[in-house]
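*Asks:* Quick one: the structure is below, questions incoming.
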Amino acid sequence: MRIHRVVAVCMLAPLAIVAIAARKGFAAPPDETNPLAAADAQILAEVRERSEAMQNLEYISDNIGPRLTGSPQLKQANEWTAEVMKKYGAFGKKMMYGKTVEGTIRSTVVIGPKGDILKHWATVKKAEAHPGEVLAHLKTKV
């Protein structure tokens, strides 16, 4: 077993313990009075069942390895990450201070229970105010 996999496992072990505890019922029960509780449960189930996070972590750890500042592995990891983010639609051309640049695209999508897009903010201009906008939108739908 490679050292970077051991380090990754050590870093992820606490998260795994929390996830196991939550599944076994050691965590607090969901608040059934909250109208968003069912949506929260559905989102968490989706993450557990279909998330690519572990596959991405394994790829970057096993195939690229340690990423020290200025190393070829860091450059390779940055390029790989940009490609993955492009696949997700989260990296590309955007305007910044009046110039076209490539970088992380901040956007938000509200997806309904049947997988339909209920609202899409293609760009997030003021990150500090955005959660309030999303919450206000969600409150009109409940």
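The values are calculated or read from the model by the stated rules, or taken from the named source; none is laboratory data. Fair warning: this is a prediction, and the values are worked out from it, not measured in the lab. Heads up, the Cβs are rebuilt from the backbone with ideal geometry, glycines too, and the neighbour counts pull from every protein chain shown.
*Asks:* Gly112 fails exactly one of the following numbered conditions: (1) closer than 29 Å to Glu79 by Cα; (2) free of Cβ contacts under 8 Å to residues at least 24 places away in the same chain; (3) exposed (fewer than 14 other Cβ atoms within 10 Å of the Cβ). What is the number of that condition?
*Replies:* Just one mismatch for Gly112, condition (1).
*Asks:* Is it the case that the stretch 119-126 has a residue that's exposed (fewer than 14 other Cβ atoms within 10 Å of the Cβ), of a type outside the set (Phe, Trp, Tyr) and in a helix (DSSP H, G or I)?
*Replies:* No, the conditions are met nowhere in the stretch 119-126.
*Asks:* Now a separate question. Determine if the stretch 96-108 includes at least one residue that is in a strand (DSSP E or B) and closer than 30 Å to Ala39 by Cα.
*Replies:* yes
A quick yes/no check of all residues on (1) farther than 24 Å from Arg106 by Cβ; (2) modelled with pLDDT of 75 or more:
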site	(1), (2)
Ala28	yes, no
Leu44	no, yes
Arg48	yes, yes
Ile60	no, yes
Ile64	yes, yes
Ser71	yes, yes
Asn78	no, yes
